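A short worksheet on the structure shown next.
The values are calculated or read from the model by the stated rules, or taken from the named source; none is laboratory data. All values derive from a computational prediction rather than experimental measurement. Reconstructed Cβ throughout: ideal geometry from the backbone, glycine too, with neighbour counts over all protein chains shown.
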Amino acid sequence: MVELTEENIKLIKNYLNSSPYYKLLGMEVVDINENYSKLRIPFKNDLLQIQGVVHGGVVASIADAAVAIALFSLVDLGDILSTIEIKVNYLAPVKSGEIIAEGRIIHKGSRIALGEADVKNEGRLVGKALATYMIIKSEGSNTPFQNWRQQTKK
């Protein structure tokens with residue numbers, strides 16, 4: 001399990017925020033604690049679908065990421081997390097304003113974990129997600145996190 005010192009939290013945030021997909025959406029990791037994460041996506045017109053509201057895939061993406069990052073705090077840094085299933089209940093459309101997701105883990109076993117996320121827009125609950133993940137234990141020194149660490153040390 002990751003020791004969540006201030007230095008490690010900063011390192012993990014930098015690692016996660018370097019994701020090309022997060023950058024595409026404008027998604028940012030705001031907070032990480034044991035069994036908790038908070039992410040944000042600022043509103044931009046590029047996220048709208050044809051009917052003028054934020055695409056549901058954006059809500060699903062931030063929910064998925066929030067649960068995965070909450071789980072990230074409970075595993076070893078080299079472990080790989082893979083979404084097995086995610087279910088999102090869309091409760092209201094997002095027409096403007098920042099999107100915030102908070103993720104928590106409900107159950108963590110040695111290989112499978114279950115978590116939930118609340119997605120809010122301007123304080124209003126717009127989505128509720130339930131997600132299941134596979135935990136793939138790291139073997140050796142060639143994990144995505146370790147590769148990123150080597151590249152950023154240069």
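Structure notes:
- Residues of region 131-143 that turn out to be within 13 Å of the chain's Cα centre (by Cα) and among the aliphatic types (A, V, I, L, M), as a count: 1
- Filtering region 77-103 to residues that are modelled with pLDDT of 95 or more, surrounded by fewer than 18 Cβ atoms within 10 Å (Cβ to Cβ) and among the aliphatic types (A, V, I, L, M) leaves Ile84, Leu91, Ala92.
- Qualifying residue in region 36-55 (condition: in a helix (DSSP H, G or I) and touching a residue at least 60 places away in the same chain (Cβ under 8 Å)): no
- Region 77-122, subset among the acidic types (Asp, Glu) and within 14 Å of the chain's Cα centre (by Cα), residue farthest from Pro42 (Cα to Cα): Glu116
- In summary, Leu74 fulfils each of the numbered conditions (1) more than 20 Å from Tyr21 (Cα to Cα); (2) under 14 Å from the mean Cα position of the chain (by Cα); (3) at pLDDT 95 or above with the single exception of condition (3).
- Restricting Thr143, Thr152 to residues that are at pLDDT below 95, over 21 Å from Leu25 (Cβ atoms), surrounded by 16 or more Cβ atoms within 10 Å (Cβ to Cβ) and out of contact with any Leu (no Cβ under 6 Å at 6 or more places or on another chain) narrows the list to Thr143.
- Among the residues making up region 111-127, those that are touching a Ser or Thr at 6+ places or on another chain (Cβ under 9 Å) and closer than 25 Å to Val75 by Cβ are Ile112, Ala113, Leu114, Gly115, Ala117.
- The residues of region 104-137 that are surrounded by fewer than 17 Cβ atoms within 10 Å (Cβ to Cβ), over 14 Å from Ala66 (Cβ atoms) and not β-branched (Val, Ile, Thr), listed by number, are His107, Gly109, Ser110, Arg111, Glu122, Gly123, Arg124, Met134, Lys137.
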